[in-house]
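The values are calculated or read from the model by the stated rules, or taken from the named source; none is laboratory data. Everything numeric here is computed off the predicted structure, so don't read it as measured data. Note that we place each Cβ from the backbone using ideal geometry, even for glycine, and neighbour counts take in every protein chain shown. These area figures cover heavy atoms from the full protein model, side chains too; ligands, DNA and RNA do not enter into them. Shrake-Rupley method; radii C 1.70, N 1.55, O 1.52, S 1.80 Å.
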Amino acid sequence: MKTRIFADKNMQIGRVNDHLFGSFIEHLGRAIYTGIYEPGHPCADKNGFRTDVIELIKELNVSIVRYPGGNFLSGYDWEDGIGPKEERPTRLDLAWQTIEDNRFGTDEFIDWCRTAGVEPMLAVNLGTGRPKDAGNLIEYCNFPGGTHYSDLRKKYGHPEPHGVKYWCLGNEMDGPWQICHLDAEDYGKKALETAKIMRWIDPEIKLIACGSSGAEMPTYPEWDRIVLEHLYDHVDYISMHRYYWQQDDLHDFFASYKDMDDFIQTIRATCDYVKAKKRSRKVMKISFDEWNVWYQNKQEPAGWVKAPHILEDIYSVKDALVFSGMLNTLINNCDRVEIACFAQMVNVIAPIFTEKGGRVIRQATFYPFAEASNHGRGHALKTITESPTFASKYGEVKWVSDAIVYNEEKQEIAVFLVNYGPESVDLQLELRSFGKIELIEHKMMQDDDIEAKNSFENPDRVVLKPGAIVDINDCILTTILEPRSYHVLRCRYKL
Ligand code: AHR
């Protein structure tokens with residue numbers, strides 16, 4: 001099978017925002033407790049943060065982390081999670097039917113972000129929460145002092161404001177599973193009043209409205225239109241969420257990257273429709289703040305316990321290929337998608353997996369994220385791809401998914417590719433107007449068993465290995481992409 005890809009330095013999609021490489025962590029299962037926070041663990045620092053996990057988050061070069069949920073958010077009272085730990089209440093978490101003892105809360109999260117070197121992105125409860133509670137939280141976090149909540153923050157050990165810039169107005173409020181789910185009209189009104197209060201307290205914040213929590217939602221895309229008609233002038237982003245997993249057909253699963261692109265194009269069009277209707281000049285950006293592979297059909301009931309083993313998906317090479325295609329789609333829409341958070345970061349549908357009191361491993365999805373996050377910052381290029389296609393429930397899809405980013409400062413080009421096909425691909429890559437190109441490296445993920453996974457016993461079963469030889473002639477690169485494989489080709493250029 002042959003594939004030809006053309007790209008030109010002057011044909012850019014846009015600048016890839018650093019926040020495209022974000023993540024998400026929720027009070028859910030072992031994401032926080034025994035994930036990022038485990039006092040008494042041999043690697044825990046004085047705050048109880050697992051430094052072995054932080055090291056891996058630094059390897060992933062995660063830029064921004066969304067917290068505290070997720071479905072958990074819609075029943076969460078943020079005041080339960082501040083002050084002396086022994087005085088914090090233990091509550092029922094209705095979203096995941098578990099016990100929450102609030103040993104980790106807003107201040108711990110901010111301290112953790114500073115230690116891990118990531119930007120915090122907080123969410124306010126618009127389920128059981130009132131607009132006033134959101135105002136109180138932003139006063140606690142961002143107001144300098146001299147008021148009830150800002151002085152409480154000082155009393156609890158944080159004299160300086162947390163300065164949190166990014167705020168989500170609720171979580172998946174279109175979902176009937178959400179605690180105190182609303183219809184689009186009611187959400188639009190409640191979010192608008194909340195946004196006003198929050199901005200009166202801190203005008204510098206960036207606000208994210210809840211968009212559709214999946215393209216399969218019956219209210220999609222009407223939800224997005226109605227919500228934006230209420231909030232267009234008051235928010236900076238609309239959110240999108242999307243998870244894929246293999247149901248029956250492998251090809252449908254591989255086609256996820258195409259469906260994700262269709263989903264983005266629809267939301268983009270919906271934003272632009274409302275923009276035109278409002279005669280606005282503002283371009284609404286997208287925060288794709290939950291995305292991943294998630295086997296939603298394999299959930300065990302948790303029971304009323306703290307930090308149970310739930311949503312602990314173990315990812316295969318096949319899952320990593322789908323994950324990589326989704327990452328390419330995000331990069332290829334970087335002119336509109338400014339924030340993206342893979343969900344979630346540790347233990348719960350995550351690339352990092354821990355043992356309580358013990359080891360930590362990288363899952364298969366860890367590697368493509370680390371490559372994109374470390375080498376995919378710069379300008380994304382438009383690609384013209386001539387590739388055979390396969391049929392799927394989402395229509396015809398190219399066997400090869402690609403994204404190309406060049407970094408002017410480093411004079412580097414990074415090419416991210418996935419071959420979903422059962423055959424090798426003879427790849428020809430024409431990178432026009434880059435002058436002289438030399439290869440830095442070609443790495444790939446390929447395994448004769450696409451179900452291969454890492455485990456504590458065999459943590460390096462799935463890693464990146466050297467890819468095939470790359471021939472470079474002028475600006476034309478040729479190489480082989482093995483069947484069902486992920487690739488990153490990095491080059492240096494000299495004009
Ligand atoms: O990430 C797991 C869950 O997926 C989140 O709690 C929710 O927002 C989404 O449905």
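Structure notes:
- Among the conditions (1) in a helix (DSSP H, G or I); (2) open to solvent by 10 Å² or more (accessible area, probe 1.4 Å); (3) within 16 Å of the ligand (Cβ to nearest atom); (4) of a type outside the set (Gly, Ala, Ser), Lys154 misses just one, which is (3).
- The set of residues in the stretch 337-357 being part of a loop (DSSP other than H, G, I, E, B) and more than 14 Å from the ligand (Cβ to nearest atom) consists of Glu355, Lys356, Gly357.
- Of all residues in the stretch 358-406, those satisfying the criterion of being surrounded by fewer than 16 Cβ atoms within 10 Å (Cβ to Cβ) and in a loop (DSSP other than H, G, I, E, B) are Gly358, Arg359, Pro388, Lys393.
- In the stretch 185-210, the residues that are within 12 Å of His234 (Cα to Cα) reach residues that are of a type in the set (Asp, Glu) with C-beta atoms within less than 6 angstrom, at least six apart or across chains, in these pairs: Lys206/Asp236; Leu207/Asp236.
- For Lys206: the one exception among (1) in contact with a strand residue (DSSP E or B) (Cβ under 7 Å, 6 or more places away or on another chain); (2) more than 16 Å from the ligand (Cβ to nearest atom); (3) closer than 25 Å to Ala95 by Cβ: (3)
- Failed criterion for Ile64 (all others in (1) under 22 Å from Tyr243 (Cβ atoms); (2) more than 14 Å from the ligand (Cβ to nearest atom); (3) open to solvent by 20 Å² or more (accessible area, probe 1.4 Å) hold): (3)
- Long-range neighbours under 8 Å by Cβ, at least six apart or interchain, first residue closer than 14 Å to Met260 by Cα and polar (S, T, N, Q) within the stretch 330-349, second part of a helix (DSSP H, G or I) and open to solvent by 10 Å² or more (accessible area, probe 1.4 Å): Asn332/Asp261; Asn333/Asp261; Asn333/Arg268
- Subset of the stretch 79-123 (residues that are in contact with a helix residue (DSSP H, G or I) (Cβ under 7 Å, 6 or more places away or on another chain), of a type in the set (Lys, Arg) and open to solvent by 30 Å² or more (accessible area, probe 1.4 Å)): Arg91, Arg103
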